[in-house]
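The values are calculated or read from the model by the stated rules, or taken from the named source; none is laboratory data. As the structure is a computational prediction, the values presented were derived from the model and not from experiment. Note that we place each Cβ from the backbone using ideal geometry, even for glycine, and neighbour counts take in every protein chain shown. Surface areas here come from the heavy atoms of the whole protein model, side chains and all, with no ligands, DNA or RNA. Shrake-Rupley method; radii C 1.70, N 1.55, O 1.52, S 1.80 Å.
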Amino acid sequence: MSTQTHNRDLPQTVLGVLLLLTLLVCSVWIIRPFILSAVWAGVIVTATWPLFLWLRHRMGSRRLPAILVMMLCLCGLVLLPMVYGMTALSAAVYETTITQSGWR
């Protein structure tokens, strides 16, 4: 049985490795802004998974209603404090503007 050797040029191998490294670096550079969001999503999913399983069991093993309830609850947990904070901030800015401008 004869073994066949593959003769590759050194420049071809080096350029291939450089191209792969360039693609890897560019991919990481593009994905970099989304890494923290993906990590937080993983933390939230891991933390709420037992609640989802309990809710799905209580809804007769139906996934879609359990997903909808979980999504509404999680959106409420995120959005309600944000709306409250924006309302308080806008009221404080309005009050400061009125006080500083001497309209009262």
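A few notes on this one:
- Placing +1 on each Lys and Arg Cβ and -1 on each Asp and Glu Cβ, with no other charges, gives the chain a dipole about its Cα centre of roughly 420 debye.
- Between Ala92, Ala47, Ala38, the residue with the greatest mean-square fluctuation in the GNM of the chain (Cα pairs under 10 Å linked by springs) is Ala92.
- Ranking Ser90, Gly42, Pro65 by how far each Cα lies toward the positive end of the dipole of the chain (charges on Cβ) leaves Pro65 at the top.
- Checking (1) 14, 42, 30, 12, 1; (2) 11, 15, 23, 24, 16, 9, 3; (3) 11, 17, 17, 16, 16, 13, 6, 2, 1, 0 against P(r) over Cα pairs in 10 Å bins from 0, in percent calculated from these atoms, the matching label is (3).
- Counting only alpha carbon atoms, the long axis of helix 63-101 and the longest principal axis of the chain meet at about 60°.
- Taken per residue, the accessible surface of the chain reaches 92 Å², heavy atoms only and a 1.4 Å probe.
- For the chain, calculated [θ]222 nm from helices alone, where every DSSP H run of n ≥ 4 adds -39500 (n - 2.57): -31500 deg cm²/dmol
- Counting protein heavy atoms only, the chain has 73 percent of its accessible area on carbon and sulfur, 1.4 angstrom probe.
- Length available on full extension from Gln12 to Phe34: 0.36 nm per residue minus the Cα-Cα distance, which gives 4.5 nm.
- Length gained on full extension, Arg58 to Leu74, computed as 0.36 nm times the residue gap minus the Cα-Cα distance: 3.9 nm.
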